[in-house]
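K.L.:
Pasting a structure below so you can have a look.
Computed from the coordinates by the stated procedures, all read-outs in this text should not be read as laboratory data. Just so it is clear, the model here is predicted, and its values are computed rather than measured. Positions of Cβ are backbone-derived with ideal geometry, glycine not excepted, and every protein chain shown enters the neighbour counts.
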Amino acid sequence: MALPKIVGIETELGIMVRGTSEWNPVSASSLLINAYVGNQPGGLDDRTSPIAWDFVDEMPGADARDYLPPEFAMPPEIETHLVNAVLTNGARYYVDHAHPEISTPECRDALSIVLYDRAAELIAVESMVQADAALPPGQELILYKDNSDRKGNAYGTHENYLLDRLLPFGQIITGATTHFVTRQIFTGSGKVGTELPGLTQQDIPYQLTQRAEHFEEEVGLETTLKRPIINTRDEPHADSQRYRRLHVIVGDANLAQVATFLKVGTSSILFAMLEDHALERMHPLADPVPTMHQVSHDLTLRAPLEMDNGKTMTALEVQFDLLAQAKEWSQSHGLESVGGDEVGNMILERWEQVLTGLESDPDSVAAQVDWVAKKRILEGFRERHDCDWDDPRLRALDLQYHDLRPTKSLAARAGLETLVDDVDALEACHEPPEDTRAYFRGKCLQKFASSVVAANWDSIVFDVGDDPLRRVPMLEPGRGTVEHVGAILEEASTVNELLDKLGA
Amino acid sequence: MAEREQIKKPSPRRDAAKAEQAPAKSESGEKLKADLDDLLDEIDDVLETNAEDFVKSYIQKGGQ
């Protein structure tokens, strides 16, 4: 049986400070996060600095292809000196290279991830308000939930899926590559123009995704250059004998909640099917990297993609066949691995609805798919102002779609359908999900913040006074839930009591 | 404090049920057009002035 598809999303945000030419993105990102964390009531007690991230288990240079010689790829560096906080909802909020980045807590299913992704947006909005209060008058800090500055620089929205270590990595490569290339038809956030050398705005006025053009390899360890469709970072943040964390770097940041839901939901189903040996037709592509660009550039969704068997299929045809196999799998294996019947069936229904809409009339899914919603605005603006695709106002609209300020955001005005209430998302800014280990992390920070020295994905370090520091491992992402530790957390009035009850 | 918060938790499943009960409306073409006109009116108000400089100054290095 497939393992529960526990999932998290890391979002790197675009950042700007207006009203001054003297700013740098690292300082601005630090100011942003410190301003947010320093202004949160409760949780942090009498501490003056946020709970530190614990780097002891970080090893982003580990490669899933363990047969490769170590000199094959340069391992990414870990920047341990930058701002790095853990939030009471179990999320991580930190400076990554030159961007603020927020990682959702571990979520049990695609709907839970939509809630915590929306919470991350609200945290970013609140952070901007707090940062502006700390900046000199006339300066304003702005965050964008996008993936490209449209000048050749990209930054990621990474999904992370819990997979069975027994699933051979070669099968992940074959099974996932085609899905990642073809799912772009509903995961793309849209981009005006092109960033590929040799192509111009005349060639590509508008395309489906922000990210596709930044991918150059099929498989690899890199994330900042020569980006691969399948990233081999082997850093499970869990029991490495049992689990793998697949680090998926191909996705766009979505403002449309249905797009986020489908991006994670369809991929969760695909991985569960691989674990259940139920994906019979994987439709391997002849040449995935150029095909990834081709799909992004094809607004008709009808381009024939070269398959490995010499035939051609369209992205829609591939997706419809993955959906058909997913339906069969749901009948034979059930939907427990992707969060149960309610969420699982909702993924299948929405998947079909969006594919059918894209096939018959893409405009009919303008409330569900970002690239369609954005294109509708751009086309409307062009018609009203009689301007061509190279008008700078269209590029400004493209960027402003992703602006997270409620007063400026075009996505917030585009009539996008919501799957979660903002009331619930506001609460999720502080409250962890109850059905993963994020519950234990978040509740410990709420109740025992002054005794927490550091935390990371798979452990928490407590200071219990005179004794040495105590590390509580959390190597099982599905344990530490309200069901497992809710009563213990409730009853314990001190950290020593908590550790005694846990038997730690 | 934990007691109250544990009872009043984020509950995405409730929204799942709601979303299923009230699927996206299939709006007529005219309604969509009117919505778009309203949206474009609003965009004319909120669109960043000096679009060219605004876009040029957006440079984001050092990302993954």
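K.L.:
Sorted by packing (mean other beta-carbon atoms within 10 Å per residue), highest first, where do A:180-189, A:204-213, A:374-383 land?
P.N.:
A:180-189, A:204-213, A:374-383
K.L.:
Here's something else I'd like to know. Taking 0.36 nm per intervening residue step and subtracting the Cα-Cα distance, what contour gain separates residue A:82 from residue A:166 on full extension?
P.N.:
26.7 nm
K.L.:
Please work out the Kirkwood hydrodynamic radius for segment A:142-213, using every pair of different C-alpha atoms, and report it in angstroms with one decimal place.
P.N.:
14.3 Å
K.L.:
Please report, in Å, the Rg and the Dmax of segment A:387-504, where both are computed over Cα atoms only.
P.N.:
21.6, 71
K.L.:
What is the spin-label model distance, in nm, from residue A:202 to residue A:241 if the labels are put 7 Å beyond Cα along the C-beta direction?
P.N.:
Each label point is offset 7 Å from its Cα along the Cβ direction, giving 6.4 nm.
K.L.:
On a 27 Å Cα-Cα criterion, which of the cross-link pairs B:31/B:56; A:374/B:61; A:263/A:447; A:311/A:375; A:145/A:375; A:408/B:61 come out too long?
P.N.:
The pairs that break the limit, which is 27 Å between Cα atoms, are B:31/B:56; A:263/A:447; A:311/A:375.
K.L.:
Starting with the fewest neighbours, write out A:371, A:389, A:351 ranked by other beta-carbon atoms found within 10 Å of each beta-carbon.
P.N.:
Taking fewest neighbouring Cβ atoms as first place, the list is A:389, A:351, A:371.
K.L.:
Quick one: A:488, A:230, A:269, fewest Cβ neighbours within 10 Å first, how do they rank?
P.N.:
So the residues, fewest neighbours to most, are A:488, A:230, A:269.
K.L.:
Now a separate question. Could you tell me, in Å, what Rg and Dmax come out for the Cα atoms of segment A:253-407?
P.N.:
17.9, 54
K.L.:
Next up: May I ask you to evaluate 6.51 cos²θ - 1.76 cosθ + 1.60, the Karplus curve with θ = phi - 60°, for each residue of segment A:313-328 and list the ³J(HN,Hα) values in order in whole Hz, giving x for glycine and proline?
P.N.:
9, 8, 4, 5, 4, 4, 5, 4, 6, 4, 4, 4, 5, 5, 5, 4
K.L.:
Hey, quick one: spin label on residue A:281, modelled 7 Å out along Cα-Cβ, who in segment A:310-345 has an amide N within reach, i.e. under 16 Å?
P.N.:
Label zone hits: A:310-330.
K.L.:
Another question, then. Return the aspartates and glutamates within reach of residue A:226: Cα separation strictly under 14 angstrom, same-chain partners fewer than 8 residues apart disregarded; answer none if there are no such residues.
P.N.:
In chain and number order, the partners are A:213, A:216, A:217, A:218.
K.L.:
With a sphere of radius 9 Å drawn around the Cβ of residue A:29, what net charge do the other residues whose Cβ falls strictly inside it have (Lys, Arg +1; Asp, Glu -1)?
P.N.:
-2
K.L.:
Full-extension gain between residue A:57 and residue A:423, please, as 0.36 nm times their residue separation minus the C-alpha to C-alpha distance.
P.N.:
128.3 nm
K.L.:
If each residue of separation counts as 0.36 nm, what is the full-extension length gain between residue A:129 and residue A:21 once their alpha-carbon separation is subtracted?
P.N.:
This chain segment gains 36.8 nm when fully extended.
K.L.:
Starting at the first residue of segment A:445-459, write each ³J(HN,Hα) from the Karplus equation 6.51 cos²θ - 1.76 cosθ + 1.60 with θ = phi - 60°, in whole Hz, x for Gly and Pro.
P.N.:
Running phi through 6.51 cos²θ - 1.76 cosθ + 1.60 with θ = phi - 60° gives 5, 5, 9, 10, 3, 5, 9, 8, 7, 7, 9, 8, 4, 10, 6 Hz.
K.L.:
Based on the Cα coordinates of segment A:424-466, what is the per residue volume of their convex hull in Å³?
P.N.:
Given the Cα convex hull of segment A:424-466, per-residue volume reads 73 Å³.
K.L.:
Related question: With N set to the residue count of chain A, report its C-alpha Rg divided by 2.2 N^0.38 Å to two decimal places.
P.N.:
Rg over 2.2 N^0.38 Å, computed on Cα atoms: 0.95.
K.L.:
What average count of beta carbons from other chains do you get within 10 Å of the Cβ of residues in A:486-493?
P.N.:
Per residue, the average neighbour count from other chains is 1.
K.L.:
Sum -39500 (n - 2.57) across every DSSP H segment of at least 4 residues in chain A, then divide by the residue count to get the 222 nm mean residue ellipticity, nearest 500.
P.N.:
About -12000 deg cm²/dmol.
K.L.:
Shifting gears a bit: Output the peptides A:153-165, A:16-28 sorted from most to least packed, where packing is the average of other Cβ atoms within 10 Å over each peptide's residues.
P.N.:
A:153-165, A:16-28
K.L.:
Would you list A:462, A:261 from fewest to most Cβ contacts within 10 Å?
P.N.:
Fewest-to-most ranking of A:462, A:261: A:462, A:261.
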